[in-house]
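What follows is one structure encoded as C-alpha cells, with my remarks underneath.
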Amino acid sequence: MTDQPSAPVTGGDPLAELDEFSIELPSWAFGNAGTRFKVFSSPGVPRDPFEKVSDAAQVHRLTGLAPRVSLHIPWDLVPDERGGFDALAAHAREEGVSIGAINSNLFQDDDYRLGSLAHPEERVRDKAIAHHAQCVDVMRATGSRDLKLWLPDGTNYPGQDSLRARQDRLADSLQQVYALLDPGMRLLIEYKLFEPSFYSMDIPDWGTSLTHCLALGDQAVVVLDTGHHAPSTNIEFIVMMLLRAKRLGAFDFNSRFYADDDLMVGAADPFQLFRILHEIVEQDAHLPSSEVSFMLDQCHNIEPKVRGQLRSVLNVEEGLAKALLVDEPALRAAHEAGDVLGANDVLMDAYRTDVRERLADRREARGLPRDPVAAFTASGYLERVSAERVGGTQASWGA
Ligand code: PSV
Ligand code: MN
Ligand code: MN
C-alpha cells in the first residue's frame, strides 16, 4: 500500500494483477441458511466443518481465486475424536486451501442478552473475553492470522444503559482481547449500523471501529461489511479513508437491497462494487502487499450454495478487472483539467467494458475451466455429496 495513488499502468496487461488476487470464503455460506421465518434445507449440505472446507475447496479448484476459508466459532468447533483443529487444517491443506479468519460469536449465548464485551456485569465480559482466548487457540492450531470480532452489543431503548459507560467497558474488554494476540496476528473489528440492537449499537460505524483500533495498536484493523450501512452511504469513501489511515483490514462482501441481506456480492449493485474496487486499485490495495483481506460474508437461503459462492467470487473478479481497466493517466489528466464529465467518462468506459471473454481466456490459460459454474454443474459433485452426506445433522447458519 502506498501513501499516494498508484502510478499509471504503463504497457502490459492490466489484468495480470489479478494473478495475485484472492478471496476468502465463509464456512457458513455452505450450511443451510434462512431468515427469522424459515431455514430451508438443501440436499448435500455439509454436516461438519470438514465437509464445509471440502465444498469451499471446489470453488478454489474451479476459479483459482478462493484459497482460504474463514471459520466461525463455535459453529465450526472440531471435537477431539475428529482430531481437533490440527486435523481440520490438514484436511484443508489436502483440499488445496487453508484456514483464514477465525470469527468469534458473541450473539448466541443467553448470558449476552444485555451485551457481551460491553455488558454491565464483569462476569459476562470475562466470559466474552475468554471466548476470544479460545478463538486464539484455534488460530494457533490452524495457522490463522486474523481474529475477527463483530460486536452485537447495544441497547433497544433510550435510557436503557449509559452509552458512555458501555463504551468505556468495551474499550477495556477490547484491550484484554488485543493482549491475547501473538505477534503477527491481527484483530479485525467489524461495525454494523443496527441489528440485533435497534436504538444504539456499541460499534455502529467505521468511526467507532477505527477509534478503538487506533487506541489498541497496529494489530487492530477495521472490517467493512458492505451490508452494514445506512441506505445511500458512500461506501467507497469509507474505503478510501480507511486505506488512507492504513486501517482497512478486511471486507465482508455481500449485497443488500434493504438491510443486512447477505445476498451474493455484485447481485444488487455491481456498480457500487466497481466503485469500491476502483478505490482499492487507486491505492494498490488489491495487491497482496496491502494485507487487505477480501472476504465474503453471505448466506444462501434459497439458492444452491457452492454455485452461489462461485458466482460471488466471479462477480468480485469481474468488478476488479473493470477497475484495473480504468485509464489512470486519462483520469488524472481530466482531474487536472477540471474536466468533470471527461473524468466521469473515463470511469464509466471501464465499467461498461465487457470483460467476460478476457477473464475466460485468462482462466483457460491457467488450466481452469472457462465457465466455472458450468464446470461445477457438469462435475456431478453436488449429486455425489447429496448421496454421500446422509445421516448426521446438516450444518445450519447459526446452528
Ligand atoms: C453480522 O451481521 C455479521 O456480518 C458478522 O460478520 C457475523 O459474524 C456474520 O454476520 C455472521 O454471518
Ligand atoms: Mn459480516
Ligand atoms: Mn452482517
Checklist entry - Considering only the other residues whose Cβ falls under 13 Å of the Cβ of Ile235, what net charge follows from Lys and Arg at +1 and Asp and Glu at -1? => result -4
Checklist entry - Can you give the relative contact order of the chain as a percent, counting alpha carbon pairs under 8 Å and 6+ residues apart? => result 21
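What does the helix-only formula give at 222 nm for the chain: each DSSP H stretch with n ≥ 4 adding -39500 (n - 2.57), the total divided by the residues, and the result rounded to the nearest 500 deg cm²/dmol?
Values: 13 runs with 165 residues, N = 399.
Per the formula, -13000 deg cm²/dmol.
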Next on the checklist: Only bridges whose two residues both fall in the stretch 133-286 count here: according to DSSP, what percent of them are antiparallel, nearest 5?
Outcome noted: 20
Next on the checklist: With both bridge residues required to lie in the stretch 81-210, what share of the DSSP beta bridges run antiparallel, to the nearest 5%?
Outcome noted: 20
Item to check | Percent of beta bridges antiparallel (DSSP, the chain, rounded to nearest 5) | outcome: 10
Checklist entry - Which FRET efficiency, nearest 0.05, do Thr353 and Ser379 yield, Cβ-Cβ r, R0 25 Å? => result 0.25
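When Lys and Arg each count +1 and Asp and Glu each count -1, what net charge do the other residues less than 14 Å away from Ile99, Cβ to Cβ, add up to?
Working: positive: Lys52, Arg68, Arg93, Arg140, Arg145, Lys148; negative: Glu24, Asp76, Asp86, Glu94, Glu95, Asp137, Asp146.
Surrounding charge for Ile99 is -1.
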Checklist outcome for this item: the stretch 93-110 and the stretch 328-345 have their Cα centres apart by a whole-number Å value of 44
Item to check | Relative intensity, log₁₀ I(q)/I(0), of the stretch 88-191 from a Debye sum that treats every alpha carbon as a point, q = 0.18 Å⁻¹ | outcome: -0.84
Item to check | Calculated from backbone phi, Karplus (6.51, -1.76, 1.60) coupling profile of the stretch 264-271 in Hz, x at Gly/Pro | outcome: 4, 4, x, 7, 7, 8, x, 5
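Determine the equivalent ellipsoid of the chain by diagonalising the alpha-carbon gyration tensor, then write out the semi-axes as square roots of 5 times the eigenvalues, largest first, rounded to whole Å. Walk me through the intermediate numbers first.
On the way: eigenvalues 214, 162, 72 Å².
One finds semi-axes of 33, 28, 19 Å for the chain.
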Checklist entry - Which of the pairs Lys38/Lys305; Lys38/Lys127; Lys52/Lys246 have their Cα atoms more than 25 Å apart in this structure? => result Lys38/Lys127; Lys52/Lys246
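Each value in this text was obtained by applying a stated rule to the coordinates, not by laboratory testing. All values derive from a computational prediction rather than experimental measurement. FYI the Cβ positions are ideal-geometry reconstructions off the backbone, even for glycines, and counts take in every protein chain you see.
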